[in-house]
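Coordinate-derived values only; no laboratory data. What you see is a predicted model, and the numbers here were worked out from it, not measured in a lab. Using ideal geometry, Cβ is built from the backbone for each residue, glycine included, and neighbour counts are taken over all protein chains shown.
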Amino acid sequence: MKIIFLDNDGVICLQKNWGSRFKKQHAIDGWKDLPDWKRPTYDLFDNFDRKAIKTLNQIISDSDAEIVVSSDWRLKASIEDIGGYYLEQGIIKAPIDYTRVITEFDYPDNFPFYRSMLSEQNRSLEIKDWLSRNDVTHWVAIDDMDMRSNGRKWGLDNFVWTPNSLEGIKQTGKKQEILNYLL
């Protein structure tokens, strides 16, 4: 099985899309009084960038990879609901799973914590945990947080960094870099 571990913000939901959820929520009468779990999934999340969706769809078509959500968005909706959102936004495949949250399993023994990189370390460990529990032939993690191995014990080798939050996955060369891990 081929897997894309996908973060949303800074990858397919780009900076120009941030805050679009508030416009959607304002259209709902009494939206401020509704907890997240009572809001429609469509109104919880910002829109995905159309060109980023096109790039992701080309990667999925070329590689036949499945999506596993590693984004913090996984904390706000079920896999079924977020899958429906992906499809509504135009992605050709719904995610098959989420990575588990770091609190659901143990850190490795003698793990070298770095407070300045805790989010990156946690997400890397969550991806490694998912890989250890599933049969995967090819995989890549895509994120705007820097989780490259670069000699870091906790880093990821099959990683594509999208540091430009205005461009995300559609940055020049990123599509081919991702496909290199999946094909």
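Within the listed set PHE159, PHE105, PHE45, the residue fluctuating most in the Gaussian network model of the chain (springs between alpha-carbon atoms under 10 angstrom) is PHE105. With the simple spin-label model, which puts each label point 7 Å out from Cα in the Cβ direction, the ASP72 to LYS128 separation comes to 2.2 nm.
When the listed pairs LYS128/LYS170; LYS76/LYS170; LYS93/LYS128; LYS93/LYS170; LYS2/LYS153 are checked against a 20 Å cut-off, the alpha-carbon distance exceeds it for LYS128/LYS170; LYS76/LYS170; LYS93/LYS128; LYS2/LYS153.
Look at the Cα gyration tensor of segment 69-175: its axes a ≥ b ≥ c give a/c of at least 1.5 with a/b at or below b/c, and that counts as oblate.
Report the label-to-label distance for ARG152 and ASN180 in nanometres (one decimal), using points 7 Å from each Cα along the Cα→Cβ vector. Label-label distance for ARG152 and ASN180, simple model: 1.9 nm.
Residues of segment 1-17 falling in the label zone of SER61, defined by backbone nitrogen less than 19 Å from a point 7 Å along Cα to beta-carbon, are 4, 12. Would you indicate which of (1) 17.0; (2) 18.6; (3) 16.4 is the value of Kirkwood radius over Cα pairs in Å derived from the coordinates of this structure? Recomputing Kirkwood radius over Cα pairs in Å here gives the entry labelled (1). For the chain, no complete DSSP H run has alpha carbons reaching 30 Å or more along its own long axis together with a mean Kyte-Doolittle score of -0.5 or higher.
The stretch between LEU87 and THR103 holds 2.8 nm of extra length on full extension. This uses 0.36 nm per residue minus the Cα-Cα distance.
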